[in-house]
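One structure below.
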Amino acid sequence: MTLPDPFALAAAALLALGFYGFVVQRHPLRRLLAINVFGNGVFMTLILVARWMPGGPDPIPHAMVLTGIVIAVSATAMGLALVRRDLRQGDGKDGGDRD
Amino acid sequence: MTEWVPVLVVFVPFLAGVVQFMAGRRVIAWWPVLASVATVAVSLWLTFAVAAGGGIEHFMGGWQPPLGIALRADGLATVMILLTAVVGGLVSVYALEAHGTGDPRASHFWALWLMLWGSLNALFLSADLFNIYVTLELVTLAAIPLVLLAGPEKTVTAALRYLQFALFGSLLYLAGVALTYGLAGSLDLALVGPALTDGGITGAVAATCMVVGLLVKAAVFPFHVWLPAAHGGAPAAVSAILSALVVKAAVYLLLRLWTGPLAGLADGLVAQLMGALGAAAILYGSIQAFRQERLKLVVAYSTVAQLGYMLLFFPMAVAQAWEGAVYHGLSHGVAKAALFLAAGNVLVYLGHDRVRDLKGLDRSLSVSLLAFGIAGVSIMGLPPSGGFIAKWLLLRASLETGQWWWAVVLISGGLLAAAYIFRVLRYAFLQAPDRPPATTGPIPPPIMALPATLLALLAIALGFTAAPLLALLGGLPEGTG
């Protein structure tokens with residue numbers, strides 16, 4: 001192919017953005033969002049893989065994405081609960097991320 | 001009948017955990033006992049079935065892969081399930097007293113721990129790359145709330161950091177799985193190897209994503225930053241489970257992938273790099289363990305160090321290194337669980353675990369301190385103990401392959417381990433107390449002290465039972481090295 005697939009570019013952009021966010025961001029909520037952006041990049045890659053498989057769209061990566069989304073939702077919910085608790089507690093303390 | 005045993009090993013603890021969760025407030029006091037005994041029983045059944053008749057494979061619901069889910073119990077999976085049963089069973093005995101069974105708070109512990117037990121067994125039996133991802137996430141989602149049982153105000157920051165690293169690690173792993181599927185059109189561990197080897201740059205990127213993702217989950221240096229606070233802050237029973245089993249599950253997957261699908265890609269330089277990470281973990285973790293002021297953090301940093309030994313398999317990749325790495329996983333599992341339970345007893349009795357203030361415990365906590373000392377023997381790798389056998393096998397492998405530098409790491413790691421174990425024992429035994437220790441809790445009853453001692457004695461016993469266990473494990477998978 002001559003022109004890169006726009007979906008591939010979008011997936012790569014999401015992966016790069018998510019990775020950058022995870023490494024750079026210190027605020028727990030931003031970090032959690034960065035993880036989600038990265039995850040969406042991975043899911044998009046899976047959908048691309050399904051499209052590029054010989055013999056048309058392959059259902060197995062689609063099933064993998066659906067499973068992945070379920071896991072991402074529950075993990076993010078737990079992460080948000082933890083972030084809320086952490087921030088409420090951190091108010092009186094240093095507030096920043098200890099390293 | 002035996003082809004159903006892998007299913008039982010996964011679903012007995014998992015469904016028991018679900019029932020415990022649903023029962024909620026109207027908890028049944030004997031349910032955790034029944035569930036733990038049943039899980040240990042089916043795990044032992046699986047062990048004996050595999051030892052007698054070789055590997056077992058089961059297709060869930062009769063569906064063949066790729067749509068169906070296969071459970072595959074080979075030697076490596078079986079020894080890990082056996083380790084989980086032994087450590088899990090004894091930690092459950094400890095938890096019967098430490099967490100109780102009658103009230104709703106205890107119900108949280110048992111529901112999560114039983115689901116974690118089932119998830120771990122499922123992870124060990126998984127035969128395809130995507131199933132491994134799902135079970136990895138199940139393990140994470142069950143393990144993190146367990147950390148919070150120590151009291152959210154103490155551990156929420158550690159749990160949050162644990163969650164971030166765990167999620168990122170598994171997504172990185174999933175990215176590798178996606179690329180692998182694109183190359184191979186399959187997820188079966190036994191089938192994707194050739195496509196990855198011929199995959200050129202894509203195959204290399206896929207392998208890198210999977211390996212780095214698992215390194216993050218295994219808390220291998222330099223990705224260890226989330227481990228000490230989470231393992232050090234959790235309740236003792238949970239710390240024991242996390243350090244002995246949960247991080248080991250990720251290292252187990254590294255061993256499994258490296259000797260299976262990634263065998264064709266295992267480049268000498270990459271293998272040396274993995275070994276270097278292991279060596280760095282051993283040295284850094286041991287030095288940090290020596291410098292910690294709190295007993296549980298000493299033990300937690302010791303986990304960072306001890307996981308490094310298993311990584312020394314990669315540069316050597318001979319049969320003895322394989323046996324040594326897995327055997328190290330087993331002996332570290334029982335010894336580390338003993339150390340954490342003993343440290344937990346100190347915390348119960350004193351109300352703190354500052355290493356400097358451990359004076360004068362030798363009478364009241366003699367059984368727990370004995371467990372700490374005996375388990376320490378295995379951690380240091382002194383004979384006769386499981387740790388010694390493992391290090392001896394690794395040492396022989398390093399000399400056999402002419403890579404003497406790993407022998408230097410092995411020996412210095414043992415010396416450093418002796419330093420941080422003896423530092424604790426010196427404070428606990430040798431210094432006479434100026435005054436009786438200011439205690440806040442009762443002397444832990446025997447039901448809390450004995451599981452630690454039994455685990456410690458098992459770590460020693462592993463020094464004598466190497467032959468049957470290594471026979472069960474089987475040799476290095478073909479095509480490696």
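Hey, does the range B:387-396 have a residue that's touching a His at 6+ places or on another chain (Cβ under 6 Å), in the same structural domain as B:Asp267 (by TED's automatic domain parsing), at pLDDT 90 or above and not acidic (Asp, Glu)? Before you say what the answer is, go through the steps one by one.
Initial filter on the range B:387-396 (touching a His at 6+ places or on another chain (Cβ under 6 Å)): B:390.
Going one step further and asking which of them are in the same structural domain as B:Asp267 (by TED's automatic domain parsing), we end up with B:390.
Retained after the next criterion (residues that are at pLDDT 90 or above): B:390.
Next cut, not acidic (Asp, Glu) only: B:390.
Within the range B:387-396, one or more residues are touching a His at 6+ places or on another chain (Cβ under 6 Å), in the same structural domain as B:Asp267 (by TED's automatic domain parsing), at pLDDT 90 or above and not acidic (Asp, Glu).
Yes/no matrix, rows are residues, columns are (1) aliphatic (A, V, I, L, M); (2) modelled with pLDDT of 90 or more; (3) over 16 Å from B:Tyr181 (Cα atoms):
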{"site": "A:Tyr20", "(1), (2), (3)": "no, yes, yes"}
{"site": "A:Ile47", "(1), (2), (3)": "yes, yes, no"}
{"site": "A:Arg51", "(1), (2), (3)": "no, no, no"}
{"site": "A:Ala75", "(1), (2), (3)": "yes, yes, yes"}
{"site": "A:Gly90", "(1), (2), (3)": "no, no, yes"}
{"site": "A:Asp94", "(1), (2), (3)": "no, no, yes"}
{"site": "A:Asp97", "(1), (2), (3)": "no, no, yes"}
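Could you please find all residues in the range B:301-335 being surrounded by 24 or more Cβ atoms within 10 Å (Cβ to Cβ), under 13 Å from B:Ser398 (Cβ atoms) and either touching a strand residue (DSSP E or B) at 6+ places or on another chain (Cβ under 7 Å) or not hydrophobic (A, V, I, L, M, F, W, C) (or both)?
Matches in the range B:301-335: B:Tyr309, B:Pro315, B:Gly324.
With respect to B:Leu83, determine if the residue is crowded, with 22+ Cβ neighbours inside 10 Å, over 30 Å from B:Glu323 (Cβ atoms) and in contact (Cβ under 8 Å) with a residue 60 or more places away in the chain. Break it down into steps so the answer makes sense when it comes.
Values: crowded, with 22+ Cβ neighbours inside 10 Å: yes; over 30 Å from B:Glu323 (Cβ atoms): no; in contact (Cβ under 8 Å) with a residue 60 or more places away in the chain: yes.
Answer is no for this residue.
Could you give every pair whose Cβ atoms fall below 7 Å, whose first residue belongs to the range B:92-115 and is under 19 Å from B:Leu455 (Cα atoms), and whose second residue is among the polar types (S, T, N, Q), counting only separations of at least 6 or pairs across chains?
B:Ser92/B:Ser36
Could you please let me know if A:Leu32 is in a helix (DSSP H, G or I), buried (at least 18 other Cβ atoms within 10 Å of the Cβ), facing chain B (nearest Cβ under 10 Å) and not basic (Lys, Arg)? Break it down stepwise before answering.
Details: in a helix (DSSP H, G or I): yes; buried (at least 18 other Cβ atoms within 10 Å of the Cβ): yes; facing chain B (nearest Cβ under 10 Å): yes; not basic (Lys, Arg): yes.
Considered against the rule, which asks whether it is in a helix (DSSP H, G or I), buried (at least 18 other Cβ atoms within 10 Å of the Cβ), facing chain B (nearest Cβ under 10 Å) and not basic (Lys, Arg), A:Leu32 comes out as yes.
Return yes when B:Ala230 is buried (at least 24 other Cβ atoms within 10 Å of the Cβ) and within 30 Å of B:Val93 (Cβ to Cβ) and no when it is not. Show your work before the answer.
Details: buried (at least 24 other Cβ atoms within 10 Å of the Cβ): yes; within 30 Å of B:Val93 (Cβ to Cβ): yes.
Spelling it out, B:Ala230 is indeed buried (at least 24 other Cβ atoms within 10 Å of the Cβ) and within 30 Å of B:Val93 (Cβ to Cβ).
Among the residues of the range B:197-226, which ones are buried (at least 17 other Cβ atoms within 10 Å of the Cβ), over 28 Å from the mean Cα position of the chain (by Cα) and either farther than 21 Å from A:Phe38 by Cα or among the hydrophobic types (A, V, I, L, M, F, W, C) (or both)?
B:Thr197, B:Gly199
Sort through B:Gly68, B:Gly88, B:Gly100 and tell me the only one that's outside any helix (DSSP H, G or I), touching a Phe, Trp or Tyr at 6+ places or on another chain (Cβ under 6 Å) and either closer than 30 Å to B:Pro442 by Cα or within 14 Å of chain A (Cβ to nearest Cβ) (or both). Before you say what the answer is, go through the steps one by one.
On the way: B:Gly88 fails: outside any helix (DSSP H, G or I); B:Gly100 fails: touching a Phe, Trp or Tyr at 6+ places or on another chain (Cβ under 6 Å).
B:Gly68 is the lone residue from the list that is outside any helix (DSSP H, G or I), touching a Phe, Trp or Tyr at 6+ places or on another chain (Cβ under 6 Å) and either closer than 30 Å to B:Pro442 by Cα or within 14 Å of chain A (Cβ to nearest Cβ) (or both).
A quick yes/no check of all residues on (1) within 28 Å of B:Pro446 (Cα to Cα); (2) out of contact with any helix residue (DSSP H, G or I) (no Cβ under 8 Å at 6 or more places or on another chain); (3) of a type in the set (Gly, Ala, Ser); (4) buried (at least 24 other Cβ atoms within 10 Å of the Cβ):
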position	(1), (2), (3), (4)
B:Asp362	yes, no, no, no
B:Gly373	yes, no, yes, no
B:Pro384	yes, no, no, no
B:Ala418	yes, no, yes, no
B:Val424	yes, no, no, yes
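Against the definition (of a type in the set (Ser, Thr, Tyr) and touching a helix residue (DSSP H, G or I) at 6+ places or on another chain (Cβ under 6 Å)), how does B:Thr465 come out, yes or no? Explain how you work it out, then say what you get.
Numbers: of a type in the set (Ser, Thr, Tyr): yes; touching a helix residue (DSSP H, G or I) at 6+ places or on another chain (Cβ under 6 Å): no.
It is false that B:Thr465 is of a type in the set (Ser, Thr, Tyr) and touching a helix residue (DSSP H, G or I) at 6+ places or on another chain (Cβ under 6 Å).
What residue, of B:Ala150, B:Ala122, B:Ala143, B:Ala195, is more than 8 Å from chain A (Cβ to nearest Cβ) and part of a loop (DSSP other than H, G, I, E, B)? Quick ask: steps written out before the conclusion?
On the way: B:Ala122 fails: part of a loop (DSSP other than H, G, I, E, B); B:Ala143 fails: part of a loop (DSSP other than H, G, I, E, B); B:Ala195 fails: part of a loop (DSSP other than H, G, I, E, B).
After applying the criteria, what remains is B:Ala150.
Which ones in the range B:173-192 are within 23 Å of the chain's Cα centre (by Cα), aliphatic (A, V, I, L, M) and within 11 Å of another protein chain (Cβ to nearest Cβ)? Talk me through it step by step, then tell me what you get.
Here is the first cut: in the range B:173-192, the residues within 23 Å of the chain's Cα centre (by Cα) are B:173-174, B:189.
This time we only want the ones that are aliphatic (A, V, I, L, M), so: B:174, B:189.
The one that is within 23 Å of the chain's Cα centre (by Cα), aliphatic (A, V, I, L, M) and within 11 Å of another protein chain (Cβ to nearest Cβ): B:Leu174.
Of the residues B:Ala35, B:Ala51, B:Ala23, B:Ala29, which is within 23 Å of the chain's Cα centre (by Cα) and within 26 Å of B:Trp110 (Cβ to Cβ)? Spell out the reasoning first.
Values: B:Ala51 fails: within 26 Å of B:Trp110 (Cβ to Cβ); B:Ala23 fails: within 23 Å of the chain's Cα centre (by Cα); B:Ala29 fails: within 23 Å of the chain's Cα centre (by Cα).
Going through B:Ala35, B:Ala51, B:Ala23, B:Ala29 in turn, the sole match is B:Ala35.
Out of (1) within 9 Å of chain A (Cβ to nearest Cβ); (2) surrounded by 24 or more Cβ atoms within 10 Å (Cβ to Cβ); (3) touching a residue at least 60 places away in the same chain (Cβ under 8 Å), the odd one out for B:Ser170 is which?
(3)
The values are calculated or read from the model by the stated rules, or taken from the named source; none is laboratory data. Nothing here was measured: the structure is a model prediction, and the numbers come from that model. All Cβ positions, even for glycine, are placed from backbone atoms using ideal geometry, and neighbour counts span all protein chains on display.
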